[in-house]
Amino acid sequence: MSYFSVTDFIDSGEKSLYDKNYWSALSIALALPSMCSRIMYQNDEYKGINRNDSNGYWYEINNGKICWHDKKCYVDFCNEVIRDMWLIYCLGIKFADILYQLRCDIIHAGVSNIYKDNKGIYLMLGEMPTSTEFAKYRTISIKDLCNAIFSHVNTWCSNNSANNFKYTYVFDTENSYDDRILYNRLC
């Protein structure tokens, strides 16, 4: 049986970028810190049983399970793992908070309208300069943003034995003859 883990998301995101499927790549890139932070932060500081923690981050109890402080996990993971001079230059010292806002806007609403230092942040498709700053706005290449996130998360996975991470079992009937046989036996 095959399995699917964080590293497969990185591979899928990189393939989307290669295929110029920028919105798919961006969605995956922005979701990766959420996935990885759940793996990285297992201590009580990042989870709770109350409706609201002292830092103002919301979480809920679902069926008796303790849930995570998603924003705190995301921001702390980005500050520790994805701390990148290019991202700090483009988004500022609070780049992790902006990435979290961008993630929430893109994944939950399908749109984004972010301002930093009274400048609008616009996303850019295609082969253009990596970022450009003007008086009232700045542009950021989706390709470069995704590549920065993919690179840092991939390094983090390599340094933390990603093969030991939790994963989902998958019947890969497209690419694995053994998985097809196993699936047919189960049926």
key: Segment A109-Y169, extension gain: residue separation times 0.36 nm, minus the distance between their alpha carbons   = 18.6 nm
message = Can you give me the distance in nm between label points at S151 and K20, each placed 7 Å from the Cα along the Cα-to-Cβ direction?
response = 2.3
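A short reminder: the numbers here are calculations on the coordinates, not readings from a lab. It should be emphasised that the depicted structure is a prediction, and the values quoted were computed from it without experimental measurement. No Cβ is skipped: glycine too gets one built from the backbone with ideal geometry, and neighbour counts run over all protein chains shown.
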